[in-house]
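Worksheet for the structure shown next.
The values are calculated or read from the model by the stated rules, or taken from the named source; none is laboratory data. Here the structure is a predicted model, which means the values were calculated and not measured. We place every Cβ from the backbone using ideal geometry, glycine too, and count neighbours over all the protein chains shown. We work out accessible area using only protein heavy atoms, side chains counted, and drop any ligands, DNA or RNA first. Shrake-Rupley method; radii C 1.70, N 1.55, O 1.52, S 1.80 Å.
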Amino acid sequence: MPVELLDAKPDDALPIHLVAKDGLEQAGLQPAIRAWAEANGFAGEAGKVLAVPGVDGNLAGALFGTGKDENGLGFGALARGLPVANWHFARQPAHPELAALGTVLGGYVFTRYGKKPGRELGLSVPEGVDSARLKRLVDAVFLVRDLVNTPTNDMGPSELEGAVRALAQQHGGQVAVTLGDDLLRQNFPMIHAVGRASADAPRLIDLTWGAEDAPKVTLVGKGVCFDTGGLDIKPASSMLLMKKDMGGAANVLGLAAMIMGAKLKVRLRVLIPAVENSISADAFRPGDVLQSRKGLTVEIGNTDAEGRLVLADALTLADEEQPHLLVDMATLTGAARVALGPDLPPFYTDDEALAAELAAASLAVEDPIWRMPLWKPYDAKLSSKVADMNNVTTDGFAGSITAAMFLKRFVDKTSSWAHFDIFAWNPTDRPYGPVGGEAQAIRALEKVISARFG
């Protein structure tokens with residue numbers, strides 16, 4: 001880890017002086033440090049780092065620009081801008097946990113295939129911050145990023161199952177897997193149909209943890225380890241990032257890691273339909289009508305809308321238990337990106353209390369999400385002339401909403417359900433993380449779940 005969190009401030013820790021935009025006068029700096037900042041044109045611009053020398057010419061500290069608004073995750077710029085040393089904040093940041101979290105997240109490097117981890121820094125955990133909780137958040141985000149960044153040749157359904165088993169073993173959970181043709185025998189026909197064309201057999205991964213009599217929290221994650229689009233094949237340019245189509249699975253595993261690491265008093269269940277949407281003589285076809293676990297029949301209008309099919313069977317299983325909270329996460333639609341961009345995942349729920357809690361948590365932990373409507377008039381767009389429903393609409397409008405409406409048909413017993421249509425990817429470098437896989441919405445969800453069931 002390029003930034004190591006230090007529980008105690010070492011004697012050699014150097015100060016990081018926080019300076020707001022045009023706030024040198026108010027920063028309480030020594031005259032020599034202020035003169036150095038002015039000589040170097042430093043005015044507290046957001047994310048700017050300036051090393052400060054001592055009278056002997058050795059490194060004596062650093063200035064960090066917080067901009068007009070002190071954004072916690074913006075502190076990630078420190079990970080790449082600070083010289084190698086141990087550091088501490090000279091004054092308490094406005095949001096100390098987020099400042100420390102952002103700093104560590106900004107130092108992330110994906111090293112599996114030989115990239116060097118970079119410079120090692122030390123950062124003292126700010127006073128009053130729970131270092132164990134902070135480390136849980138970091139580990140969970142890094143787990144998500146590592147899983148999403150790993151290409152499908154090393155993160156197919158079998159390897160995704162291995163990742164679930166490793167996490168369960170770490171926390172004392174149990175894992176059951178329904179594999180291949182057993183999906184048909186156990187009544188998960190749509191998971192089987194989507195994944196049967198791959199050489200790596202489709203499966204439903206089922207992780208459970210916690211006391212059986214505790215409140216039930218169930219997480220469902222889309223685990224499409226690669227999506228060719230099926231027979232409605234994607235263009236080559238659209239396949240380049242399809243290793244991330246299991247981003248929903250990766251994110252629910254990150255959230256599960258937070259829940260289990262905190263030992264929350266819940267009965268946790270994680271369901272991941274893990275498949276590849278491949279092309280072969282056995283691939284499902286446009287125009288096919290699939291049976292679902294719920295008994296609804298689904299006409300296939302497009303084989304590239306496969307994620308909602310595998311989620312539907314898994315959500316049906318989850319709904320049968322009527323958990324206290326049911327959350328699904330999926331890299332489901334390009335329409336969500338058109339509507340809100342890559343940084344702001346939409347979520348859907350009919351639970352007004354849950355929506356309010358999520359909105360508040362999103363702001364509190366700087367984990368952006370935005371509620372979108374389950375607009376009932378659009379439900380009719382999923383009609384089919386030969387089956388109970390189609391998996392796509394014909395007009396192409398409101399694609400993220402209609403995908404959510406499709407999923408809603410498979411959740412009718414659980415009163416508190418939310419669907420997250422995430423991107424799971426940074427398309428450009430951010431202060432808190434480089435281009436690549438990203439955790440989205442799970443820190444907001446962790447805050448809500450901790451408050452409800454902690």
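Open to solvent by less than 20 Å² (accessible area, probe 1.4 Å), charged (D, E, K, R) and modelled with pLDDT of 95 or more: is that true of ASP388 in this structure?
no
Cβ-Cβ distance below 6 Å, separation of 6 or more or different chains: which pairs start in the range 7-19 with a residue that is over 28 Å from ASP69 (Cα atoms) and end on one that is at pLDDT 95 or above and open to solvent by less than 100 Å² (accessible area, probe 1.4 Å)?
PRO10/ASN86; ASP12/ASN86
Among the numbered criteria (1) assigned to a helix (DSSP H, G or I); (2) open to solvent by less than 20 Å² (accessible area, probe 1.4 Å), which one does VAL338 miss?
(2)
From the residues in the range 348-359 that are open to solvent by 60 Å² or more (accessible area, probe 1.4 Å) and touching a helix residue (DSSP H, G or I) at 6+ places or on another chain (Cβ under 9 Å), which one is farthest from GLU446 (Cα to Cα)?
Checked the range 348-359; the qualifying residue farthest from GLU446 (Cα to Cα) is ASP350.
Consider ALA176 carefully, then state whether it is out of contact with any helix residue (DSSP H, G or I) (no Cβ under 8 Å at 6 or more places or on another chain), outside any helix (DSSP H, G or I), under 21 Å from ALA249 (Cα atoms) and open to solvent by 40 Å² or more (accessible area, probe 1.4 Å).
When the stated conditions are applied, ALA176 passes them.
In the list LEU241, LEU264, LEU219, LEU255, which residue meets the criterion of being of a type outside the set (Gly, Ala, Ser), open to solvent by 40 Å² or more (accessible area, probe 1.4 Å) and more than 25 Å from ASN390 (Cβ to Cβ)?
LEU241
Any residue that is open to solvent by 50 Å² or more (accessible area, probe 1.4 Å) and modelled with pLDDT under 95 - is there at least one of those in the range 105-112?
Checked against the condition, which is being open to solvent by 50 Å² or more (accessible area, probe 1.4 Å) and modelled with pLDDT under 95, the range 105-112 yields no hits at all.
Of all residues in the range 304-331 being over 16 Å from PRO273 (Cβ atoms) and either assigned to a loop (DSSP other than H, G, I, E, B) or of a type in the set (Val, Ile, Thr) (or both), which is least open to solvent (accessible area, probe 1.4 Å)?
Restricting to residues being over 16 Å from PRO273 (Cβ atoms) and either assigned to a loop (DSSP other than H, G, I, E, B) or of a type in the set (Val, Ile, Thr) (or both), the top hit is PRO323.
Give the number of residues within the range 8-39 that are closer than 18 Å to TRP87 by Cβ and either touching a strand residue (DSSP E or B) at 6+ places or on another chain (Cβ under 8 Å) or not in a loop (DSSP other than H, G, I, E, B) (or both).
Going through the range 8-39 one residue at a time, the tally reaches 16.
State all residues of the range 113-137 that are under 17 Å from ALA364 (Cα atoms), surrounded by 13 or more Cβ atoms within 10 Å (Cβ to Cβ) and not basic (Lys, Arg); if no residue qualifies, say none.
Passing the criteria: VAL129, LEU134, LEU137.
Can you tell me which residue among ALA46, ALA27, ALA37 is modelled with pLDDT under 95 and buried (at least 17 other Cβ atoms within 10 Å of the Cβ)?
After applying the criteria, what remains is ALA27.
Looking only at the range 352-374, which residues are in contact with an Asp or Glu (Cβ under 9 Å, 6 or more places away or on another chain) and closer than 18 Å to LYS408 by Cβ?
If the condition is that a residue be in contact with an Asp or Glu (Cβ under 9 Å, 6 or more places away or on another chain) and closer than 18 Å to LYS408 by Cβ, then MET372, LEU374 are the ones that fit.
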